[in-house]
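Asks: There's a structure below that I have some questions on.
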Amino acid sequence: MVKIVVESLYFRYPEASDYALRNISFRIVEGESVAILGENGAGKTTLAKNLNGLLKPTEGSVKIDGVDTRNLSVAKIARKIGFVNHNPEHQFFAEKVEDEVRFGLRNFGFSEEAADKTIREVLNVFGLEEYRGKNPFQLSGGEKKRLAIASIMAWRPEALIVDEPTIGMDYAQKLNIRRVLRSIVSEGRCVIVITHDVDFAASICERAIILSRGEVIGDGRLRDLLSDDTLVEKASLRKPFLIELEKETGLTGLEEDFDAISSTLVEVFQKCRS
Amino acid sequence: MAAVELRKLCFRYAGSEKPALTDIDLTIEEGESILITGPSGCGKSTLVRVLMGLIPHSYPGELKGEAYVFGMDVKNTPVSRIATRCGIVFQNPDNQLFTFSVEDDVAFGPENLALPPDEIGRRVDEALRLVGIEHLRHSSPNNLSGGEQQKAAIASILSMKPSLLIFDEPTSMLDPSSSASLIQRIFELKRSLDETGGKTTVIIVEHRIDLLLKHLSRIVVVSEGRVILDGDPLRVLEDSFRKKIPINIPPLLQIYFRVKDKCGLKNPPATVKELVSMLGGPTSNG
Amino acid sequence: MSFLRAFKYRRKDTAVHRLDPRSKFLLSTILMAVSIVFTDIRVLLALVFGQIILLSLAESLREWLSSLRGLLFFFAVIFATQLLFGGTLYTGFILSLRLLALSSSMSWFFLSSTPEDIGRAMSVAGLPIELTFSFTMAIRFIPVIYDEFQSIYDTQRSRGLELEKGGFRNRIRNLMPVLIPLLVGTIRRTYEIADAMEVRAFGASPKRTTFKPLRLKSGDYLVCAASAILVALAAYLKLLGIE
């Protein structure tokens with residue numbers, strides 16, 4: 001199963017005068033759910049592209065299951081580590097939703113029968129079966145996002161990197177994407193979410209890696225890191241609502257279920273009164 | 001005269017079967033700060049395009065009903081006329097700046113209006129000052145951050161001296177801190193324009209209600225091309241909550257609406273701390 | 001592509017940069033014309049030498065030098081065709097020198113003029129605003145579209161696309177997953193840009209004013225005078241029978 005080891009990674013874009021990433025080391029093992037957090041320009045996407053070989057380290061190394069990404073083709077890595085672009089329209093080219101999913105399967109040498117079966121399954125899981133013959137560009141924003149993720153998950157990569165999954169999404173769409181990502185985590189696959197939406201990250205990921213100006217300024221349990229006021233401020237982030245609520249109330253283990261939270265609060269309130 | 005007046009407005013894009021807008025009745029008075037929100041694809045962006053006259057002039061389709069902006073009938077007023085009273089900032093800042101310096105972009109509108117050069121100069125100075133980006137005057141849009149680009153886009157609308165400012169999801173490409181700073185700047189701008197005797201109307205289309213709430217005079221909720229709620233911000237949010245309309249009601253309010261009757265809360269809390277103290281303080285102490 | 005770097009504008013504050021684009025354009029055109037009509041080695045050397053001075057005044061010698069590496073390829077082609085079709089090494093040298101003079105006359109102009117200045121010069125020259133604006137916008141959006149291309153290409157590579165794989169036909173087919181999203185994205189962008197221009201009253205008045213009208217300064221008169229002298233000198237040399 002997949003293991004990503006990053007060691008003293010430095011990265012600089014060609015012609016850039018300064019490093020975009022500096023001295024980054026961490027490892028991600030199978031089944032982990034990791035949020036990469038930080039403000040725009042902190043280097044989140046650059047880091048993600050180093051994790052799947054789209055970019056190669058300027059110094060230091062990134063190893064996938066022990067092999068340096070410099071010695072692997074992007075396609076080889078992609079078979080294990082899927083990457084979903086922040087803009088789903090950057091990947092659509094087929095006339096039909098099903099062919100959009102078929103593209104990756106064909107590239108990775110699935111037989112036509114196997115591909116057909118997989119397409120049926122994955123569209124079903126992602127709630128897109130009714131759009132099978134539709135043009136991807138005619139889907140709504142949330143459906144496009146789900147199709148983008150489905151077209152990667154089709155070949156069952158062991159890890160998935162998702163860049164800014166909540167950008168431009170409304171509340172209902174966010175809940176849908178959250179459900180999809182959580183189900184991938186519960187299968188024991190590794191999910192790496194790049195985002196600045198702290199509430200969303202907190203609802204999916206156990207661990208967080210916080211970047212600021214190309215450096216890791218925090219790596220650990222997401223709840224611990226995002227309860228730390230100084231760290232949160234340094235990374236221009238915000239405390240997730242639930243973590244703040246836990247801190248203020250002394251309650252623990254709150255889940256994003258406002259009905260449950262509210263009844264707990266009411267109970268506590270009534271106890272106070274009596 | 002109302003800033004915006006829509007009566008039984010319907011619009012269907014050419015080539016589409018479903019109408020994008022149906023029977024919209026909406027009046028917006030001068031000086032209001034209004035949020036238009038609703039699920040994605042509900043017709044918000046179409047609505048603001050009507051206000052600018054881009055619909056029907058640039059987008060073919062079938063427009064019925066009446067639409068007036070400061071008394072101008074959008075059906076037969078050219079966009080360039082409407083643009084002198086009404087300005088819009090779109091979501092993608094990249095596509096709103098066409099030149100190689102912020103200053104030239106800010107001058108672009110007034111140049112099109114064929115104003116005399118010294119008047120344009122004055123307007124450019126003022127617009128840059130109002131948005132607080134004088135230091136970026138000579139920067140190229142390619143070298144600006146998303147937040148800075150969006151401020152430059154606002155300045156290039158301000159130089160047209162509009163009295164109605166429309167923002168169509170201006171923060172959707174920005175991170176939380178740039179979004180907060182942009183929203184802050186928008187309403188500071190309204191205040192400073194109002195101080196100099198104007199009456200600026202702000203219409204903002206957004207998903208991020210939490211950042212905006214304290215600045216609004218009214219919220220309009222659009223769903224499937226219809227206005228389904230319209231009125232006092234807190235009331236509208238509570239109604240949306242009761243009717244389970246999928247808009248981003250801030251979590252704090254979601255809890256407030258659930259507990260307020262049982263716990264007898266009168267006013268909504270502004271922070272988590274406030275909510276907890278309204279409910280009798282931290283549980284560990286109680 | 002390093003060759004193209006010799007034509008990319010860089011913001012600098014030099015006497016050459018401050019010149020009016022019209023006078024620069026005039027001088028550049030005349031230098032080009034002279035490079036084309038003469039084959040005499042002395043004239044060509046003098047031209048290149050003169051342009052090196054211009055380039056150093058514009059503090060752009062380094063960019064120009066880096067472009068020479070790209071020109072080497074063209075020099076090689078010139079020598080090869082000369083030798084293949086019965087020319088001599090000397091004619092190959094002359095033709096290369098002429099190419100160098102020609103490309104330098106464009107180089108210092110583009111290095112020192114903003115795309116907007118060029119657009120302004122174009123509209124002063126009587127070209128319609130739509131045309132000059134398309135020109136400056138094309139330059140403005142090239143890097144933006146290039147970034148979009150990179151993002152699309154990366155996305156498709158991480159779906160297993162390998163452009164280098166297969167024969168010619170396959171490669172062309174492989175380009176589709178990159179070209180289609182790029183095309184769709186660019187069309188959408190064009191609409192958004194058009195909307196943004198319209199709401200800023202583009203086309204409102206047939207007589208658009210400019211915020212920073214072009215004004216000829218003393219330096220510009222000097223350049224114009226130099227251009228005139230250059231033309232006279234060239235004519236005189238031709239009369240003397242110098243080719």
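The values are calculated or read from the model by the stated rules, or taken from the named source; none is laboratory data. Only a predicted model underlies this, so the values are computations on that prediction, with no experimental measurement involved. Cβ placement follows ideal geometry from the backbone for every residue including glycine, while neighbour counts extend to all protein chains displayed. Surface accessibility is based on the protein's heavy atoms, side chains included, excluding ligands, DNA and RNA. Shrake-Rupley method; radii C 1.70, N 1.55, O 1.52, S 1.80 Å.
Asks: Kindly establish whether B:PHE108 is assigned by TED's automatic domain parsing to the domain that holds B:PRO162, of a type in the set (Phe, Trp, Tyr) and touching an Asp or Glu at 6+ places or on another chain (Cβ under 7 Å).
Replies: no
Asks: Name the single residue that is farthest from C:ALA196 (Cα to Cα) among those in region B:168-199 being within 14 Å of another protein chain (Cβ to nearest Cβ) and not in a helix (DSSP H, G or I).
Replies: Ranking the qualifying residues of region B:168-199, first place goes to B:ASP175.
Asks: Same structure again: What is the number of the single condition among (1) within 7 Å of another protein chain (Cβ to nearest Cβ); (2) part of a helix (DSSP H, G or I) that B:GLU148 does not meet?
Replies: Only one criterion is unmet by B:GLU148, namely (1).
Asks: Would a scan of region B:121-133 turn up a residue that is open to solvent by 10 Å² or more (accessible area, probe 1.4 Å), within 8 Å of another protein chain (Cβ to nearest Cβ) and not hydroxyl-bearing (Ser, Thr, Tyr)?
Replies: Yes, there is a match, as at least one residue in region B:121-133 is open to solvent by 10 Å² or more (accessible area, probe 1.4 Å), within 8 Å of another protein chain (Cβ to nearest Cβ) and not hydroxyl-bearing (Ser, Thr, Tyr).
Asks: Now, a different point. C:GLU59 is checked against (1) in a helix (DSSP H, G or I); (2) at pLDDT 85 or above; (3) in contact with a helix residue (DSSP H, G or I) (Cβ under 9 Å, 6 or more places away or on another chain) and fails just one. What number does that condition carry?
Replies: So C:GLU59 meets the others, but not (1).
Asks: Follow-up question, since we're still on this one. Among what's in region C:190-208 and is under 21 Å from A:HIS90 (Cβ atoms) and facing chain B (nearest Cβ under 7 Å), pick the residue that is nearest to the chain's Cα centre (by Cα).
Replies: C:ILE193
Asks: Name the residue, out of A:LEU225, A:LEU265, A:LEU242, that is among the aliphatic types (A, V, I, L, M) and either open to solvent by 60 Å² or more (accessible area, probe 1.4 Å) or at pLDDT below 90 (or both).
Replies: Answer to the selection: A:LEU265.
Asks: Also, I was wondering about something else. Which of the following residues is assigned to a helix (DSSP H, G or I) and either closer than 30 Å to B:VAL102 by Cα or touching a His at 6+ places or on another chain (Cβ under 7 Å) (or both): C:LEU99, C:LEU54?
Replies: Exactly one residue qualifies, and that residue is C:LEU54.
Asks: Which of the residues spanning region A:89-109 are under 22 Å from A:ASP163 (Cα atoms), more than 7 Å from every other protein chain (Cβ to nearest Cβ) and either charged (D, E, K, R) or open to solvent by 50 Å² or more (accessible area, probe 1.4 Å) (or both)?
Replies: A:GLU100, A:ARG102
Asks: OK, next. Based on this model, can you work out whether B:LEU35 counts as within 29 Å of B:HIS215 (Cβ to Cβ), open to solvent by less than 60 Å² (accessible area, probe 1.4 Å) and without any contact (Cβ under 8 Å) to a residue 40 or more places away in the chain?
Replies: Against the criterion (within 29 Å of B:HIS215 (Cβ to Cβ), open to solvent by less than 60 Å² (accessible area, probe 1.4 Å) and without any contact (Cβ under 8 Å) to a residue 40 or more places away in the chain), B:LEU35 does not qualify.
Asks: Let me ask something else. Here are C:SER66, C:SER28: which of them is buried (at least 18 other Cβ atoms within 10 Å of the Cβ), assigned by TED's automatic domain parsing to the domain that holds C:TYR9 and polar (S, T, N, Q)?
Replies: Criteria check complete, one pass: C:SER28.
Asks: I would also like to ask the following. Being open to solvent by 80 Å² or more (accessible area, probe 1.4 Å) and either more than 10 Å from chain A (Cβ to nearest Cβ) or not in a helix (DSSP H, G or I) (or both) is the filter; apply it to region C:173-189 and report the residue that is modelled with the highest pLDDT.
Replies: Residue satisfying both the conditions and the ranking: C:ILE187.
Asks: Still on this model: So which residues in region A:63-88 are farther than 18 Å from A:VAL191 by Cβ and buried (at least 19 other Cβ atoms within 10 Å of the Cβ), if there are any at all?
Replies: Those that are farther than 18 Å from A:VAL191 by Cβ and buried (at least 19 other Cβ atoms within 10 Å of the Cβ): A:THR69, A:LEU72, A:VAL74, A:ASN87.
Asks: If you go through region C:157-172, how many residues are within 12 Å of chain A (Cβ to nearest Cβ) and either among the aliphatic types (A, V, I, L, M) or in contact (Cβ under 8 Å) with a residue 24 or more places away in the chain (or both)?
Replies: Within region C:157-172, residues that are within 12 Å of chain A (Cβ to nearest Cβ) and either among the aliphatic types (A, V, I, L, M) or in contact (Cβ under 8 Å) with a residue 24 or more places away in the chain (or both) number 2.
Asks: Another one. Could you run through region B:97-118 and say how many residues are more than 7 Å from chain C (Cβ to nearest Cβ) and under 26 Å from B:MET1 (Cβ atoms)?
Replies: Counting residues in region B:97-118 that are more than 7 Å from chain C (Cβ to nearest Cβ) and under 26 Å from B:MET1 (Cβ atoms) gives 1.
Asks: May I ask you to list pairs of residues, at least six apart or on different chains, whose Cβ atoms are under 7 Å apart, with the first in region A:220-233 being without any contact (Cβ under 8 Å) to a residue 12 or more places away in the chain and the second being in a helix (DSSP H, G or I)?
Replies: Final answer for the pair search is A:VAL232/A:LEU226.
Asks: Given the residues A:ALA148, A:ALA159, A:ALA154, which is the only one that is away from chain B (no Cβ under 14 Å), under 13 Å from the mean Cα position of the chain (by Cα), buried (at least 24 other Cβ atoms within 10 Å of the Cβ) and over 18 Å from A:LEU51 (Cα atoms)?
Replies: None of the other options fit; the residue is A:ALA148.
Asks: Can you tell me which residue within region C:138-153, out of those that are open to solvent by less than 30 Å² (accessible area, probe 1.4 Å) and out of contact with any Ser or Thr (no Cβ under 8 Å at 6 or more places or on another chain), is farthest from B:LEU97 (Cα to Cα)?
Replies: C:ILE152
Asks: Please work out which residue is farthest from the other protein chains (Cβ to nearest Cβ), limiting yourself to region B:58-96 and to residues that are without any contact (Cβ under 8 Å) to a residue 24 or more places away in the chain and closer than 23 Å to B:PRO170 by Cα.
Replies: Selected residue: B:SER58.
Each row is one residue, and each column tells you yes or no for (1) in contact (Cβ under 8 Å) with a residue 12 or more places away in the chain; (2) out of contact with any Asp or Glu (no Cβ under 6 Å at 6 or more places or on another chain); (3) among the acidic types (Asp, Glu); (4) within 21 Å of C:ARG159 (Cα to Cα).
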| position | (1), (2), (3), (4) |
| --- | --- |
| A:PHE11 | yes, yes, no, no |
| A:TYR19 | yes, yes, no, no |
| A:ASN40 | yes, no, no, no |
| A:THR69 | yes, yes, no, yes |
| A:ALA78 | yes, yes, no, yes |
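Asks: Look at region B:269-279 and say how many of its residues are buried (at least 19 other Cβ atoms within 10 Å of the Cβ) and touching a helix residue (DSSP H, G or I) at 6+ places or on another chain (Cβ under 7 Å).
Replies: 4
Asks: Here is a follow-up. Taking B:ARG85, is it in the same structural domain as B:LEU189 (by TED's automatic domain parsing) and under 15 Å from B:PRO162 (Cβ atoms)?
Replies: So B:ARG85 passes the test.
Asks: Look through A:LEU147, A:LEU226 and report the one residue that is within 19 Å of A:ASN85 (Cα to Cα) and touching a helix residue (DSSP H, G or I) at 6+ places or on another chain (Cβ under 8 Å).
Replies: When all the criteria are applied, what remains is A:LEU147.
Asks: I'd like to verify a number: residues in region A:238-255 that are more than 7 Å from chain B (Cβ to nearest Cβ) and within 21 Å of B:ALA270 (Cβ to Cβ), how many?
Replies: Qualifying residue count for the region: 7.
Asks: If you go through region A:120-135, how many residues are within 14 Å of chain C (Cβ to nearest Cβ) and either over 22 Å from the mean Cα position of the chain (by Cα) or loosely packed, with under 14 Cβ neighbours inside 10 Å (or both)?
Replies: Residues in region A:120-135 being within 14 Å of chain C (Cβ to nearest Cβ) and either over 22 Å from the mean Cα position of the chain (by Cα) or loosely packed, with under 14 Cβ neighbours inside 10 Å (or both): 1 in total.
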